[in-house]
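The values are calculated or read from the model by the stated rules, or taken from the named source; none is laboratory data. Everything numeric here is computed off the predicted structure, so don't read it as measured data. Counting neighbours? That spans all protein chains shown, and the Cβs are built from the backbone with ideal geometry, glycine included. The accessibility values were calculated without ligands, DNA or RNA, using every heavy atom of the protein model including side chains. Shrake-Rupley method; radii C 1.70, N 1.55, O 1.52, S 1.80 Å.
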Amino acid sequence: IFTGRRPIDAVFNEGHSLHEFAKTALPEKVMEIVDPSLLMEVMTNNSMIQEDKRVKTEECLNAIIRTGVLCSMESPFERMDMRDVVAKLCHTRETFLGRRV
């Protein structure tokens, strides 16, 4: 959803996977792998407010992609517990919105 890619895309061949694609982008290149349509509003204006929004958006996307990577580990024992996933995603939402929901 966040990358705009599917596990069956042609890019993922010869042992490459969506999981590895996301994992290798963290944390410095996360904005490069995110679907550009998610970033349209953030990238339209270079004002100081927009820069703050861009930084907050990048932090949020890093947390979401990292959570997705941890949920898709090959071994079930390495995957995040669903309670922790919900807590992490709720915290990310609250941080992004700047309030407790």
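Key figures
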quantity: Cβ pairs under 7 Å, 6+ apart, first in segment 72-101 and under 22 Å from residue 50 (Cα atoms), second surrounded by 10 or more Cβ atoms within 10 Å (Cβ to Cβ) and modelled with pLDDT of 95 or more; calculated: 92/63; 92/64
quantity: Residue list for segment 14-42, restricted to those being assigned to a helix (DSSP H, G or I), aliphatic (A, V, I, L, M) and closer than 18 Å to residue 58 by Cβ; calculated: 22, 25, 30, 31, 33, 38, 40, 42
quantity: Failed criterion for residue 12 (all others in (1) open to solvent by 40 Å² or more (accessible area, probe 1.4 Å); (2) modelled with pLDDT under 90; (3) within 20 Å of residue 71 (Cα to Cα) hold); calculated: (1)
quantity: When residues of segment 57-85 are limited to those that are open to solvent by 80 Å² or more (accessible area, probe 1.4 Å) and in a helix (DSSP H, G or I), the one farthest from residue 17 (Cα to Cα); calculated: 83
